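Derivation of every value follows stated rules applied to the coordinates shown; laboratory data play no part. A quick note: this is a predicted structure, and the numbers were derived from the prediction, not measured. We place every Cβ from the backbone using ideal geometry, glycine too, and count neighbours over all the protein chains shown.
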């Protein structure tokens, strides 16, 4: 699912060229019976939802 999020004022202060909003993908998956949702800018064409879930699960 695509989600539109605000770019933080802190980030915009550091870089005024950033847009006010940006689009991210929300990927929801299950770990030990619990639903987890992560937000990513990784392109869907290269990283399907399952791969994003694996990457985030390894990272955290």
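Multiplying the residue separation of residue 18 and residue 2 by 0.36 nm and removing their Cα-Cα distance gives an extension gain of 3.9 nm.
When the helices in the chain are scored as -39500 (n - 2.57) per DSSP H run of 4 or longer and the sum is shared across all residues, what 222 nm value do you end up with, to the nearest 500 deg cm²/dmol? Before the final figure, lay out the partial values.
Working: 2 runs with 17 residues, N = 60.
Computed ellipticity for the chain at 222 nm equals -8000 deg cm²/dmol.
Based on Cα contacts under 8 Å between residues 6+ apart, the chain shows a relative contact order of 26 percent. Over all Cα atoms in the chain, the spread is summed up by Rg and Dmax: 13.7, 42 Å. The angle between the Cα long axis of helix 49-59 and the main principal axis of the chain comes to about 80°, on a 0 to 90 degree scale. Ranked by how many other Cβ atoms sit within 10 Å of their own Cβ, fewest first, the residues 22, 60 fall in the order 60, 22.
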